[in-house]
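Any read-out appearing in this document is the output of simple, stated calculations on the displayed coordinates, not a laboratory observation. What you are looking at is a predicted structure, and each value in this text was computed from that prediction instead of being measured. Cβ atoms come from the backbone with ideal geometry, glycine included; neighbour counts cover every protein chain shown.
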Amino acid sequence: MSDSVLITGCSTGIGRATALVLARAGYPTWATARRPETLDELAAAGCRTLALDVTDETSCRLAVEAVVEEHGAVGALVNNAGYTLGGVVEELSMDELRRQFETNVFGVVRMCGLVLPGMRERRHGTIVNVGSAAGLLVPPASGAYSMTKFSLEALSDALRLETSHFGVRTVLLEPGAVRTEFMNTGRDSLRPKDETGPYAPFLRNVVKMADHATGGPRSVLGADDVAKVIVKAIGDRRPRTRYRLGAQAKLAPTVRRALPDRTWDALMLRVTPPT
């Protein structure tokens, strides 16, 4: 068995925190990012660092080959790389949507396909997909991001059925809001591009709602909170298939399932009025 861990998207946030916790726990940790110069702190902490762009087939292949050359196989893959694209569906370009799916979905599928042969051969491995509570319900003006996170729900279910008999464990994390640069970038992407456009009032109200929902110190998770669960999932012999993290991920989907669609829509439109 290989206990090496390959993590995507380690320049900031959850990826960086996970790499640090794993390295301190003694795992051979390979931290990656599109810009490897952002990984100096992780290298100093004992991580091996690599350039990896999940949207580039060659970049992905070379990163996996580097780990396999040293350890024989990737022991655990943490699919963390991703970003959030805010905005209303009508105003999103097809190029924007393709980039969102290329990073958040196709990049995950690409990485899984590259590590699975070694995991199957060794009959051991763990794939951790970092999803989101947005894969359980759709926050206002977050349709594109939610579509990708709904996709990870299906992907993780498919992988379990297809690979568990080879000794591969697939784990999906479903965190609520996490206080990272990712959250700030996501909020910025919600702001209306055209202040006089038909959706501008709605988008301004969505930003206000997001600021209120994430304003308190207890309303969002820290990156370390998520990292600790990832490390636990990798270390457990029988990890849970899903980990819901934070009140937003535990409570809101429960309320959503209990309410009829029109009741839920009315509630959301009260919180984020369209005008």
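Over the chain, with a Gaussian network built from C-alpha contacts below 10 Å, which listed residue (M94, M147, M119) shows the highest mean-square fluctuation?
Of the options given, M94 has the highest mean-square fluctuation.
Would you please give the FRET efficiency between R204 and R270, computed as 1/(1 + (r/R0)^6) with r the Cβ-Cβ distance and R0 = 22 Å, to the nearest 0.05? Mind showing how you got there, number by number?
Numbers: r = 16 Å, r/R0 = 0.71.
The formula returns an efficiency of 0.90 here.
So which residue, out of R262, R123, R34, gets the largest mean-square fluctuation from a GNM of the chain using Cα contacts under 10 Å as springs?
The residue that fluctuates most here is R262.
Work out the FRET efficiency for A43 and L251 from their Cβ-Cβ distance, taking R0 = 25 Å, and round it to the nearest 0.05.
0.05
Going by amide H atoms built from the backbone, whose H comes under 5 Å of the H on R169, apart from near neighbours?
Under 5 Å from the amide H of R169 lie the amide H atoms of G125, T126, I127, each far enough along the sequence or on another chain.
I'd like the FRET efficiency for T263 and H212, computed as 1/(1 + (r/R0)^6) with the beta carbon distance as r and R0 of 22 Å, rounded to 0.05.
Details: r = 22 Å, r/R0 = 0.98.
Working from the Cβ atoms, E equals 0.55.
With each pseudo-label sitting 7 Å past Cα toward Cβ, what's the F166-T58 distance in nm, one decimal?
Between F166 and T58, the label points sit 2.7 nm apart.
State which entries of K208/K250; K193/K232; K208/K232 exceed 31 angstrom in Cα-Cα distance in the structure shown. Don't jump to the answer; show the numbers that get you there.
Numbers: K208/K250 22 Å; K193/K232 41 Å; K208/K232 35 Å.
Pairs exceeding the cut-off: K193/K232; K208/K232.
So, in nm, how far is label Y83 from label D188 when the simple model puts each one 7 Å beyond its Cα toward the Cβ?
Label-label distance for Y83 and D188, simple model: 1.0 nm.
What does the extension gain come out to for D157 and R120, with contour length at 0.36 nm per residue minus their alpha carbon separation?
Numbers: separation 37, 0.36 × 37 = 13.32 nm, distance 1.75 nm.
That works out to 11.6 nm of additional length.
Could you work out which residue, out of E90, E153, E195, moves most in a Gaussian network model of the chain, that is, has the largest mean-square fluctuation with Cα springs under 10 Å?
It is E90.
Work out how far the C-alpha atoms of the chain reach from end to end along every principal axis, then list the three figures in whole Å, largest first.
So the three principal-axis extents are 58, 39, 36 Å.
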